[in-house]
Amino acid sequence: MRRFLSPETLPAPFGYSHVVEVRPGRVIYVSGQVPLDRDGRLVGDDDFEAQARQVFENLQAALEAAGASWADVVKLNYFLVDVTKVAAVRSVRDEYVDTAHPPASTLVEVSRLFRDDVLIEIDAVAVAE
């Protein structure tokens with residue numbers, strides 16, 4: 001069981017829930033995913049939206065490998081080298097998550113990621129039955 005809460009005592013969230021309460025289940029931690037394809041090649045060279053889409057595809061593959069889906073995701077952590085790209089990441093995110101009950105999330109701008117050509121990294125926590 002999951003409850004997605006955004007209390008009126010906090011500012012209205014945009015595309016995330018302030019609180020996600022989860023009853024016992026299998027907890028799945030997905031390492032930070034970057035825009036590399038299965039062969040380790042960068043997808044989307046200097047194209048932030050293409051990189052974001054590949055990251056979400058990689059997250060989906062990781063969830064499926066654990067027998068989970070986007071419906072099980074309760075927390076996302078975003079790391080962007082340019083926070084002005086947040087609208088693009090939200091647009092892609094909304095193709096994957098349940099926008100009526102979005103996961104809790106944190107977004108951080110970083111000076112760089114593990115490679116200069118990587119513009120985004122996202123990790124996830126899911127709770128499956």
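The values are calculated or read from the model by the stated rules, or taken from the named source; none is laboratory data. It should be emphasised that the depicted structure is a prediction, and the values quoted were computed from it without experimental measurement. As a convention, Cβ positions derive from the backbone with ideal geometry for all residues, glycine included, and neighbour counts pool all protein chains shown. Only protein heavy atoms, including side chains, enter the accessible area calculation; ligands, DNA and RNA are left aside. Shrake-Rupley method; radii C 1.70, N 1.55, O 1.52, S 1.80 Å.
Let's test the formula: R0 of 25 Å, r as the Cβ-Cβ distance of GLU49 and VAL108. What FRET efficiency results, to the nearest 0.05?
0.85
Would you work out which of MET1, VAL83, LEU59 lies farthest towards the positive end of the dipole of the chain, given +1 charges on the beta-carbon of Lys and Arg and -1 on that of Asp and Glu, about the Cα centre?
Checking the options against the dipole of the chain, the answer is MET1.
Would you mind working out the accessible area per residue for the stretch 9-129, using a 1.4 Å probe, and quoting it in Å²?
Normalised by residue count, the accessible surface of the stretch 9-129 is 54 Å².
Evaluated at 37 °C with a viscosity of 0.692 mPa s, what Stokes-Einstein diffusion coefficient in µm²/s does the stretch 89-129 have when Rh comes from the Kirkwood expression over alpha-carbon pairs?
263 µm²/s
Would you look at the GNM of the chain, springs on alpha carbons closer than 10 Å, and say which of ASP116, ASP45, ASP72 moves the most?
Evaluated over the chain, the most mobile residue of the options is ASP116.
Please work out the Cα convex hull volume for the stretch 19-77 and give it in Å³ per residue.
Each residue corresponds to 88 Å³ of Cα convex hull volume.
Could you work out what % of the accessible surface of the stretch 35-129 is carbon and sulfur, using a 1.4 angstrom probe and leaving DNA, RNA and ligands out of the count?
47 percent
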